[in-house]
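**Q** Sharing a structure below in structure tokens format, with a few things to ask.
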Amino acid sequence: MDFKQIFGRAPEAEAIAPGRVNLLGEHTDYNDGFVLPTAIPQCTKVQLGLSTDGQHHFYSKNLDERVSISDMLLTPSGFASYIFGCIQLLEREGYTIPSINLHVSSEVPIGSGLSSSAALEVATLRGLRSMLNLPIDDVRIAQIAQQAEIHYAGVQCGIMDQMASSLADTKHILFLDTRSLQTRVLPLPTGAEILVIDSGVPRTLAGSGYNQRRAECEEAARLLRVKALRDITDVSALEELPLPLRRRARHVVTEDNRVLEVLQGVSTQRFGELMNASHASLRDDYEVSVPALDTLVGLLQETPGVFGARLTGAGFGGASVALVASAEARAIAEAVLERYNRAGYLGQILVPSVS
Ligand code: ADP
Ligand code: MG
């Protein structure tokens with residue numbers, strides 16, 4: 001149902017924000033390191049208007065779920081927590097937010113690692129900025145969005161997703177230094193486009209595995225007497241670490257170096273090689289891949305027209321990302337999926353979008 005059907009009148013403002021996929025720089029953001037996300041074509045749209053009964057009302061078209069907030073001291077659960085968090089944080093910044101009706105609809109696959117959560121937060125904040133003329137810039141929006149996800153939705157996340165949704169577009173890659181928040185916009189590699197295929201394997205262990213890797217990285221940094229692994233540039237400095245910390249740290253250090261190599265300017269071919277190397281490092285040193293992702297990425301890597309491929313997101317299931325020759329994504333995906341599904345899995349194309 002649309003805004004008018006739910007709330008009885010037309011919206012006063014609307015805003016959109018895209019999902020994202022990370023091309024290189026995985027598990028580096030909580031190590032103060034470097035990432036290279038890009039926006040995907042699918043967006044989340046938020047429409048808003050003033051509410052007349054003193055309560056906030058949020059409706060998700062995707063979930064066909066409506067939540068009303070009568071008590072601002074109680075954080076709601078589910079999708080409303082992200083929106084509620086954005087409103088609360090804006091009020092903490094000193095802005096007065098009136099009671100609103102908010103309608104959300106999204107093309108970003110929810111829970112597939114393409115960051116529908118950041119798209120929801122950023123679209124909400126953009127919508128409020130537009131309706132209320134708030135003087136907040138895009139970096140501030142990303143920071144508030146991240147705080148909303150951590151403190152209200154209860155997800156310990158880095159800032160990559162929100163920075164990508166707030167600052168990236170589909171024609172460029174966003175280089176982000178997650179320590180300084182310095183950004184640089186790079187062109188997409190020439191003659192290439194992005195292909196994202198979901199492995200069909202849910203990220204069941206992602207939560208516990210992610211927390212364990214985070215703790216291992218913190219321990220490695222502590223043993224090396226640096227603030228974060230980002231401060232190590234040479235793998236020879238890792239010799240003193242015990243296993244498996246040495247391998248965990250080696251992934252982070254080499255991954256940061258791969259991103260920095262791209263920043264210097266590389267050919268499309270080389271970009272692909274760095275993605276392949278990233279996958280091997282995530283599989284062997286960081287140990288966050290699973291057989292399904294290794295199979296999918298392997299099939300992609302051996303297919304003509306593919307420059308490089310790797311798992312993307314936290315791992316333990318979820319999606320793969322590949323850099324493929326322009327205009328060939330769909331044909332490549334179909335060929336790969338036929339073989340992948342024959343191996344007993346059920347993959348699905350997420351980007352380019354089917355609609
Ligand atoms: P991802 O960000 O990779 O899609 P997350 O688990 O971080 O996965 O975020 C998914 C959650 O974000 C959903 O469970 C829901 O609470 C919220 N969400 C995102 N988009 C929407 C939407 N369009 N409608 C309702 N909830 C949404
Ligand atoms: Mg998310």
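The values are calculated or read from the model by the stated rules, or taken from the named source; none is laboratory data. What you see is a predicted model, and the numbers here were worked out from it, not measured in a lab. Every residue, glycine among them, receives a Cβ derived from its backbone with ideal geometry; neighbour counts consider all protein chains shown. Accessible surface is based on the protein model in full, side chains and every heavy atom, while ligands, DNA and RNA are left aside. Shrake-Rupley method; radii C 1.70, N 1.55, O 1.52, S 1.80 Å.
**Q** Taking the range 78-102 on its own, how many of its residues are within 16 Å of ligand 2 (Cβ to nearest atom) and farther than 19 Å from Phe3 by Cβ? Break it down into steps so the answer makes sense when it comes.
**A** Step one: list which residues in the range 78-102 are within 16 Å of ligand 2 (Cβ to nearest atom), which gives 78-83, 85-86.
Now narrow it down to the ones that are farther than 19 Å from Phe3 by Cβ: 78, 81, 85.
Result for the range 78-102: 3.
**Q** Would you mind finding the one in Gln147, Gln182, Gln156 that is of a type outside the set (Asp, Glu), without any contact (Cβ under 8 Å) to a residue 12 or more places away in the chain and at negative phi? Walk me through it before giving the result.
**A** Values: Gln147 fails: without any contact (Cβ under 8 Å) to a residue 12 or more places away in the chain; Gln156 fails: without any contact (Cβ under 8 Å) to a residue 12 or more places away in the chain.
Only one candidate qualifies: Gln182.
**Q** Something else about it: Tally up the residues in the range 97-150 that are out of contact with any helix residue (DSSP H, G or I) (no Cβ under 9 Å at 6 or more places or on another chain), more than 11 Å from ligand 1 (Cβ to nearest atom) and under 18 Å from Ala80 (Cβ atoms), please.
**A** So the answer is 2.
**Q** For the range 294-312, give me each residue that is open to solvent by 30 Å² or more (accessible area, probe 1.4 Å) and either assigned to a strand (DSSP E or B) or under 17 Å from Ala343 (Cβ atoms) (or both).
**A** Hits for the range 294-312 are Asp294, Thr295, Gln301, Glu302, Phe307.
**Q** So, in the range 200-218, exactly how many residues are open to solvent by 20 Å² or more (accessible area, probe 1.4 Å) and among the small types (Gly, Ala, Ser)?
**A** Result for the range 200-218: 4.
**Q** Can you tell me which residues in the range 103-113 are more than 12 Å from Ile40 (Cβ to Cβ), touching a Pro at 6+ places or on another chain (Cβ under 9 Å) and either of a type in the set (Phe, Trp, Tyr) or away from ligand 2 (no atom under 15 Å from the Cβ) (or both)?
**A** His103
**Q** State which residue is least open to solvent (accessible area, probe 1.4 Å) when the search covers only the range 129-162 and only residues that are closer than 23 Å to Glu12 by Cβ and touching a strand residue (DSSP E or B) at 6+ places or on another chain (Cβ under 7 Å). Write out each step before concluding.
**A** Filtering the range 129-162 down to residues closer than 23 Å to Glu12 by Cβ leaves 129-138, 140-141, 144-145, 148.
Remaining after also requiring touching a strand residue (DSSP E or B) at 6+ places or on another chain (Cβ under 7 Å): 130-131.
Working: Ser130: 65, Met131: 37 Å².
So, considering only residues that are closer than 23 Å to Glu12 by Cβ and touching a strand residue (DSSP E or B) at 6+ places or on another chain (Cβ under 7 Å), the one least open to solvent (accessible area, probe 1.4 Å) is Met131.
**Q** Among the candidates Leu63, Leu74, single out the residue that is free of Cβ contacts under 8 Å to residues at least 24 places away in the same chain, within 24 Å of the chain's Cα centre (by Cα) and open to solvent by 60 Å² or more (accessible area, probe 1.4 Å). Give the derivation first.
**A** Details: Leu74 fails: within 24 Å of the chain's Cα centre (by Cα).
Of the residues listed, the single one that is free of Cβ contacts under 8 Å to residues at least 24 places away in the same chain, within 24 Å of the chain's Cα centre (by Cα) and open to solvent by 60 Å² or more (accessible area, probe 1.4 Å) is Leu63.
**Q** Also, I was wondering about something else. Can you confirm whether Ala237 is open to solvent by 30 Å² or more (accessible area, probe 1.4 Å) and outside any strand (DSSP E or B)?
**A** yes
**Q** From the list Ser116, Ser165, pick out the single residue that is among the hydroxyl-bearing types (Ser, Thr, Tyr), touching a Pro at 6+ places or on another chain (Cβ under 8 Å) and open to solvent by less than 10 Å² (accessible area, probe 1.4 Å).
**A** Numbers: Ser116 fails: open to solvent by less than 10 Å² (accessible area, probe 1.4 Å).
That would be Ser165, the only listed residue that is among the hydroxyl-bearing types (Ser, Thr, Tyr), touching a Pro at 6+ places or on another chain (Cβ under 8 Å) and open to solvent by less than 10 Å² (accessible area, probe 1.4 Å).
**Q** Now for a separate question. Of all residues in the range 180-199, count the ones that are open to solvent by less than 40 Å² (accessible area, probe 1.4 Å) and among the small types (Gly, Ala, Ser).
**A** Selection size over the range 180-199: 2.
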